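S.K.: Structure below; questions to follow.
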Amino acid sequence: MNSVAVPVSEDDSQERLQRLESLAGRLLDACRAQGASQAEVSCSEERGLSVGVRMGEVETVESTRDRGIAVTVYFGQRKGSASTADLRESSLEATVAQACAIARFTEDDPAAGLADAALMARPGADGWPDFDDWHPWALDAGRAVDIALACEAAGRDSDARIGNSDGASVSTSASLSVYANSHGFVGSERGSHHSIGCALIAGSGEDMQRDGWYSFALAEEDLESPAAIGRRAAQRALARLAPRQVATGDYPVLFPAEVARSLVGHLLGAVSGGALYRRASFLLDSVGTRLFPDWFSIHEDPFLRRGLRSAAWDSEGVATHAAPLVEDGVLQRYVLGSYSARKLGLQTTGNAGGVHNLLVRPNAKDFEALLSGMGRGLVVTELMGQGVNNVTGDYSRGAAGFLVEHGRIVHPVDGITIAGNLRQMFESIEAVGADVDPRSHIRTGAILLGRMTVAGAD
């Protein structure tokens, strides 16, 4: 097992990007020759390696090499798209022909078309910004297996009550991509992603609990050590042993950082263009409305070095901008690409393909400080089910975590449901910790809500 998963040579990656740029240009020319009034092309390559082990034995070793070409054409306001992974000339010609054929037989859509040419990103005097997001890991399968085994062993050996394992995994990937359109925009990107994770089972018989931990980063040196990940997975599983229920009632609820980002995710779902123009959002016509306490802010920073979603342009080539999403509790804007913006009579916010790095401003210290100040309440470490209604904002999800008394965790809790309405939940946020979880582009610390309804024991 000695295959290298990713292209590690600087020259190699640059040469591949140049080939993808050349291919995108040829495909745009072919679209014009077929009569398209506008066109856009995406080309990508990815190489990766992933391994999985369980109970000290190798379970999976997977090496991947993927590529894809996507062509979209517009004949006026009629759109057609086609894709392929076959780079033979005959296949590329057929892909362009198929996209054009689809466009010729579709209905006009007044919102269809490329983003406005004036909004395209342009390099500065020193070229495109460097986000420090290219750190391929020269990892062969044998070394990856050794890392996974060490991670699992550290967790299993840390306590005799760890009796079983769901395994440990290591993965690495490096990707190259080019987006080009008939406005003359050509953008090339490269990125790397690495992860180590472990899931362990504590206890025996009917008293077994599972939990885990993982580390995710763009660069190998930013990953937690395999041993630390394994031990933390063990600690989390052990902490869940002998859970009890709590009485039904209203409680303050503290979400650790890795769970708290789901609250921001629900906000994004409600302010994104697709939900808004379909009128499937509880936040219709809410720009300029106070949704959160007056100290609460969320800022989007597409230019964060080693940010997980840093980019100088969005998936349509539109220039990105650092801008507030929520400021002093007030929703400042929606999250739009050009299509949804036209449907709403607005302008794109440079968010085709999603948001970039979101920074939730803290007003408190870390999780421990929030815990010690909450008195009696619940820490929610796991959410289950999909009980969130984006149209009404109603929220009801299964949960597990810990009961807190006098600012201290007293015992684990499961078999409960937490419920509320997202509008009221946003308003009831009392604190955001400074303990940011770096494993997501939604960069938030722990979030404390002053009150939620908890359905537990009668």
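S.K.: What ranking of Ile416, Ile196 emerges when the number of other C-beta atoms within 10 Å of each C-beta is taken as an exposure proxy, fewest first?
M.R.: Ile416, Ile196
S.K.: Something else about it: For a quick protection proxy, order the peptides 246-252, 164-170 by their average other-Cβ count within 10 Å, most packed first.
M.R.: Peptide ranking by packing, descending: 164-170, 246-252.
S.K.: Can you find, among Val318, Val287, Asn164, the residue sitting farthest towards the positive end of the charge dipole of the chain, where Lys and Arg contribute +1 and Asp and Glu -1 at Cβ?
M.R.: Positive-end residue among those listed: Val287.
S.K.: Roughly how big is the range 10-238's charge dipole about its Cα centre, with Cβ charges of +1 (Lys, Arg) and -1 (Asp, Glu), in debye to the nearest 20?
M.R.: It comes to approximately 560 debye.
S.K.: Hey, fewest Cβ within 10 Å first, where do Met384, Met374 land in order?
M.R.: Met384, Met374
S.K.: Given the range 109-148, what whole percent of its Cα pairs are spread farther than 12 Å?
M.R.: Of the Cα pairs, 77 percent sit more than 12 Å apart.
S.K.: I need the phi-derived Karplus couplings for the range 228-239: 6.51 cos²θ - 1.76 cosθ + 1.60, θ = phi - 60°, integer Hz, Gly and Pro marked x.
M.R.: The phi angles translate into 5, 5, x, 5, 5, 4, 5, 4, 5, 5, 5, 5 Hz.
S.K.: Next question, about the same structure. Amide H of Trp137: which non-local residues (sequence gap of 5 or more, or other chain) have their own amide H closer than 5 Å, using H built in the peptide plane?
M.R.: none
S.K.: Given the options Leu149, Leu114, Ser182, identify the residue whose Cα lies farthest towards the positive end of the charge dipole of the range 105-184 (+1 on Cβ of Lys, Arg; -1 on Cβ of Asp, Glu).
M.R.: Sorting the options by dipole projection puts first Leu149.
S.K.: May I ask you to order 173-183, 278-288 by the average number of other C-beta atoms within 10 Å around their residues, highest value first?
M.R.: In decreasing order of mean packing, 173-183, 278-288 become 173-183, 278-288.
S.K.: Please give me, ordered by residue number, the trypsin sites (Lys or Arg not before Pro) of the range 348-447 that lie in loop per DSSP and have at most 15 other Cβ atoms within 10 Å.
M.R.: Arg376
S.K.: Longest exposed-loop-site-free stretch of the chain, with GluC sites (Glu not before Pro), DSSP loop and at most 10 other Cβ within 10 Å?
M.R.: For GluC sites (Glu not before Pro) (loop position, at most 10 other Cβ atoms within 10 Å), the longest site-free span of the chain is 207-458.
S.K.: Sticking with this structure for a sec: Using unit Cβ charges (K, R positive; D, E negative) and no other charged atoms, how large, in debye to the nearest 20, is the dipole of the chain about its Cα centre?
M.R.: In total the dipole reaches around 960 debye.
S.K.: Quick check for me: using +1 on Lys/Arg Cβ and -1 on Asp/Glu Cβ, what's the dipole size of the range 267-415 about its Cα centre, in debye to the nearest 20?
M.R.: About 280 debye.
S.K.: Fewest first, what order do Met120, Met425, Met208 take by the number of other Cβ atoms within 10 Å?
M.R.: Neighbour counts put them in this order, fewest first: Met208, Met120, Met425.
S.K.: What is the angle, in °, between the Cα long axis of helix 10-33 and the longest principal axis of the Cα atoms in the chain? Nearest 10 is fine, range 0 to 90.
M.R.: Long axis of 10-33 versus the principal axis of the chain: about 50 degrees.
S.K.: In whole Å, how far is the Cα centre of the range 246-263 from that of the range 267-310?
M.R.: Going from one Cα centre to the other spans 21 Å.
S.K.: Still on this structure, please answer the following. How do the peptides 334-342, 80-88 rank, highest first, by the average count of neighbouring beta carbon atoms within 10 Å per residue?
M.R.: Most protected by this proxy first, the peptides run 334-342, 80-88.
S.K.: If each DSSP helix of 4+ residues adds -39,500 (n - 2.57) and the sum is divided by the residues in the chain, what number results at 222 nm, nearest 500 deg cm²/dmol?
M.R.: -7500 deg cm²/dmol
Laboratory data are not the source of any read-out in this text; all were calculated from the coordinates shown. Remember, it's a predicted structure, so these values are computed and weren't measured experimentally. Cβ sites come from the backbone with ideal geometry, for glycine too, and all protein chains shown count toward neighbours.
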